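One structure is given below, encoded as structure tokens.
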Amino acid sequence: MKAGRSIGRSGPWRLALKRCLAFWRASANAWRLTLDWTVLLYLVLPGLWILGGIYTDWLRHPPDWLARLPERTSAAALAALMLRARLRTFADPGDALFLRASRRWVAALTRAGLAYTLAARLAVAAAAGGLLLPLLPAEPAWRLADGAVFVLAAALTGFIWTLLRDRAERRWRGWRRMAAVYGGRVALFAAWLPAASIFTDGAASALAVYSVVAALAAAAALLGLLRMRMQGMFEQELGAERRAYADNVGWVLTDTPRTPRPPAGRRPVLLRRPGPLLRKRDPASRIAELWLRSMVRDGDMMKNLIYYTLLGVAAVWLSPPWLAALAWFGMGALLLWWLKGQWELWVGERYMSLFEWGEEPRRMAGNVGRRLLLRPAALLWSAAIGLHAGWLYGGLWWLAALVLPAVCYPLLGPMSRAISALSMRRAARRETREQDRRIT
């Protein structure tokens with residue numbers, strides 16, 4: 001009796017629950033490094049209060065630009081959230097000692113992971129749908145039952161994606177895995193939008209709606225059964241847990257120096273040829289070329305640049321043209337500040353600091369590199385402002401998509417030099433204060 005009770009008390013489902021709670025407890029402890037009581041009191045709570053006021057005001061008095069959004073905006077927003085998930089099984093390195101030898105425990109932990117993943121997709125889809133669906137356009141207006149079915153379909157799509165991603169990450173490595181994951185995201189996103197029109201158009205029959213949900217549920221059940229039968233997944237599960245924790249707490253460590261990872265292959269994916277990137281071969285251009293190669297070959301850096309650029313496109317598109325023009329300068333300045341920080345970290349690295357570059361070539365190289373990395377994002381933002389103006393006013397305003405990039409291009413150099421001069425002035429003031437402090 002005692003043995004049976006102890007086994008029942010420490011079964012696989014209870015173990016999965018303990019590991020789930022331990023995961024979120026560790027994540028919360030990491031978040032507390034940044035979100036202390038002062039940040040919560042003076043930044044987070046006022047921000048939530050302001051955002052809540054803006055949201056309720058939009059519910060009462062919807063802005064004009066909300067009505068002009070495409071009807072599939074809600075489907076695209078939910079898909080963007082659902083396609084970021086991965087399958088969780090709460091595997092632990094210590095399981096290799098005894099637990100992995102028991103098929104019953106492994107199968108039960110896998111079932112618990114599948115249930116947790118599906119529950120998490122349902123929770124995220126319900127929260128996002130509850131906030132977005134009352135705002136976004138729909139014809140006819142959303143009802144509670146229609147929104148619940150739509151959220152359920154989105155959650156099932158996200159669950160299907162986690163299983164497909166798990167299979168792709170197990171089968172491929174390196175750039176093939178990256179291509180499979182991003183290609184699968186694009187393909188599933190393209191397939192989801194037409195299917196989601198059944199829920200958003202309002203003209204489809206109830207039979208068609210429930211047929212789509214049933215097909216998604218059947219696909220999810222089939223992939224789940226196939227995942228249960230797969231063996232040799234321990235290393236894959238451990239890697240998924242490490243990446244899940246890193247994604248959960250990575251924003252806390254954004255400003256900390258990162259340990260360089262060794263390249264995955266023998267040759268870099270980008271810029272394989274050793275030829276020069278810049279036409280000028282002066283010392284400043286050579287130094288800037290070294291930094292550009294290191295930035296482009298760093299996947300995390302390029303991912304941050306792409307994300308920031310896309311967020312900037314969304315910001316200028318959702319703003320009035322006059323406000324988007326001001327946002328163009330602000331976002332460009334923020335990007336230049338971030339690039340300047342990355343430049344200083346690169347120059348101060350252990351091996352790069354051994355080079356005895358002069359102060360003037362180093363300063364000029366920083367300006368050249370930052371201007372070249374700013375150029376694609378700034379020109380894309382200016383083109384988005386022009387396209388938005390043409391979409392709003394029509395006629396000759398469509399030419400703004402070509403005129404604005406040509407007008408903004410000469411401003412990139414002065415912006416980079418201004419940020420550099422401002423940074424040097426701040427550094428000189430800081431050094432002066434430190435000297436005065438030492439004297440006193």
Report task. Within segment 306-334, count every residue that is open to solvent by less than 20 Å² (accessible area, probe 1.4 Å) and not β-branched (Val, Ile, Thr). Result -> 4
Query raised in the report: Out of all the residues in segment 64-85, is one or more at pLDDT 85 or above and at positive phi?
Result: no
Query raised in the report: Which pairs do you get when a residue that is closer than 23 Å to Leu114 by Cα, found in segment 13-40, comes within reach of a residue that is of a type outside the set (S, T, N, Q) and open to solvent by 70 Å² or more (accessible area, probe 1.4 Å), reach meaning Cβ atoms under 9 angstrom, with the pair 6+ apart or on two chains?
Result: Trp13/Arg111; Ala16/Arg111; Phe23/Tyr245; Ala26/Tyr245; Ser27/Tyr245
Requested in this report: Please give the helices (runs of 4 or more DSSP H) falling wholly within segment 345-440 in which 2 or more residues are of a type in the set (Lys, Arg).
Outcome: 359-393, 412-439
Query raised in the report: If a residue has to be part of a loop (DSSP other than H, G, I, E, B) and among the polar types (S, T, N, Q) to count, how many in segment 213-236 make the cut?
Result: 1
Report task. Have a look at Val44, Val106 and point out the one that is buried (at least 16 other Cβ atoms within 10 Å of the Cβ) and without any contact (Cβ under 8 Å) to a residue 12 or more places away in the chain. Result -> Val106
Query raised in the report: Restricting the search to segment 30-41, which residues are closer than 22 Å to Val124 by Cα and either aromatic (Phe, Trp, Tyr) or open to solvent by 80 Å² or more (accessible area, probe 1.4 Å) (or both)?
Result: Trp31
Report summary line: Over segment 300-315, the set of residues in contact (Cβ under 8 Å) with a residue 60 or more places away in the chain and of a type outside the set (Val, Ile, Thr) is Leu305, Tyr308, Gly312
Requested in this report: Run down Arg176, Arg170, Arg165 and say which single residue is assigned to a helix (DSSP H, G or I) and open to solvent by less than 70 Å² (accessible area, probe 1.4 Å).
Outcome: Arg165
Query raised in the report: Pairs under 7 Å by beta carbon, first residue without any contact (Cβ under 8 Å) to a residue 60 or more places away in the chain in segment 397-417, partner open to solvent by less than 80 Å² (accessible area, probe 1.4 Å) and of a type in the set (Lys, Arg), six or more apart or different chains?
Result: Gly413/Arg371
Report task. Say whether the condition of being more than 30 Å from Trp322 (Cβ to Cβ), among the charged types (D, E, K, R) and open to solvent by 20 Å² or more (accessible area, probe 1.4 Å) is met by at least one residue in segment 361-379. Result -> yes
Query raised in the report: Scanning for something at pLDDT below 85, surrounded by 13 or more Cβ atoms within 10 Å (Cβ to Cβ) and in contact with a helix residue (DSSP H, G or I) (Cβ under 6 Å, 6 or more places away or on another chain), does segment 3-22 turn up at least one residue?
Result: yes
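The values are calculated or read from the model by the stated rules, or taken from the named source; none is laboratory data. It should be emphasised that the depicted structure is a prediction, and the values quoted were computed from it without experimental measurement. We place every Cβ from the backbone using ideal geometry, glycine too, and count neighbours over all the protein chains shown. Accessible surface areas use protein heavy atoms only, side chains included; no ligands, DNA or RNA. Shrake-Rupley method; radii C 1.70, N 1.55, O 1.52, S 1.80 Å.
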